[in-house]
Amino acid sequence: MENVLNKEIKEIIDACPEVGRILDEYGIGCVPCSVGSCLLKDVVGIHNLDPEQEATLMYRIEKAIYPGRNVPKPVVDKTKKSAPKKISYSPPVKKLVEEHVLIKRLLALIPTIVDYIEGSIKVDKELILKCVDFIRTYADKYHHMKEEDILFKYVDEKAEVIQVMYKDHDTGRAHIRQVVEGAERGNKAQIKEHLFGYRDLLTQHIKKEDEILYPWIDRQLSTAQVGEMFRKCNEADASVGDELPRKYERFIVELEEKFLQEVAK
């Protein structure tokens, strides 16, 4: 099993697709991952399963890869109920999690915005470009850049999980370029396709960060590194001023109120 632990997950899944299905049951989405260069042992480590879950997962994977091997089944205490793991974040990482909340509020509005655009005679270009401004300024420059310029520097940036995050950021930017082009051309189908593409991407991206990536990074940080990161994030926030996050929070509130009124009509 040691040799398998040190193999790339994509190679393992290609040879034994059942492993991909098992990982999926545990919320470990290696099958759709476009990179697939994580070692199996790293995949398990990143997701920080409790000992019983990890033992059962590894047992099932070993049985799937070596069906004829006599693999001892892990002893699980069925009388012991494992409480759901509560994730705690260091102060600088907690701030990034809180910034996700505002981004998720925009993502939640996208279906309503698309319905509004499709039901209008002309594309509301101003509305679309205001949403784009929020995404490019708040979600990308204010939030993602702190990840890319500060957070990711505390781990191996060549690690697959970090490369996936970078790729998600780039894919999101490509979706938004297409949204702008659609707004300029008055192309409702293009706007719809890429707003939904952005929403689906960012929904999964934020979930991976909140539940997997951020806790994984936090587990590797020393107290001194947490303090240093906190200082760097505060400096990054100070460089844009307190008004920027307040401005975009007001925008989201106004957008929510606007579409509540539209729904009420």
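Of the two radii for the stretch 118-265, the radius of gyration is 1.03 times the Kirkwood radius, both from the alpha carbons; that is the Rg over Rh value. The residues neighbouring ASN187, those whose beta-carbon lies less than 14 Å from its own, together hold a net charge of +1 under the Lys/Arg +1, Asp/Glu -1 convention. Take 245-257, 114-126 and order them by the average number of nearby Cβ atoms within 10 Å per residue, most first; the result is 245-257, 114-126. For GluC sites (Glu not before Pro), the sites in the stretch 156-222 that DSSP calls loop and that have at most 14 other Cβ atoms within 10 Å are GLU157.
If packing is taken as the average number of other Cβ atoms within 10 Å across a peptide's residues, how do 219-228, 101-110 rank, most packed first? The partial results should precede the final answer.
Numbers: 219-228: 12.4, 101-110: 17.2.
Peptide ranking by packing, descending: 101-110, 219-228.
Beyond 25 Å between alpha-carbons counts as too far, so tell me which of LYS10/LYS192; LYS7/LYS167; LYS41/LYS73; LYS73/LYS158 fall in that bin. From the list (LYS10/LYS192; LYS7/LYS167; LYS41/LYS73; LYS73/LYS158), the Cα-Cα distance tops 25 Å for LYS10/LYS192; LYS73/LYS158.
Report, in deg cm²/dmol and to the nearest 500, the calculated mean residue ellipticity at 222 nm for the chain, where each DSSP H run with n ≥ 4 adds -39500 (n - 2.57) and the sum is divided by the residue count.
Values: 13 runs with 180 residues, N = 265.
Calculated mean residue ellipticity at 222 nm is -22000 deg cm²/dmol.
Ellipsoid fit via the Cα gyration tensor, the chain: semi-axes of 39, 23, 17 Å, each the root of five times an eigenvalue, largest first.
No lab work stands behind these numbers, since they all come straight from the coordinates. Source: prediction; values computed, not measured. Note that each Cβ is placed from the backbone with ideal geometry, even for glycine, and that neighbours are counted across all protein chains shown.
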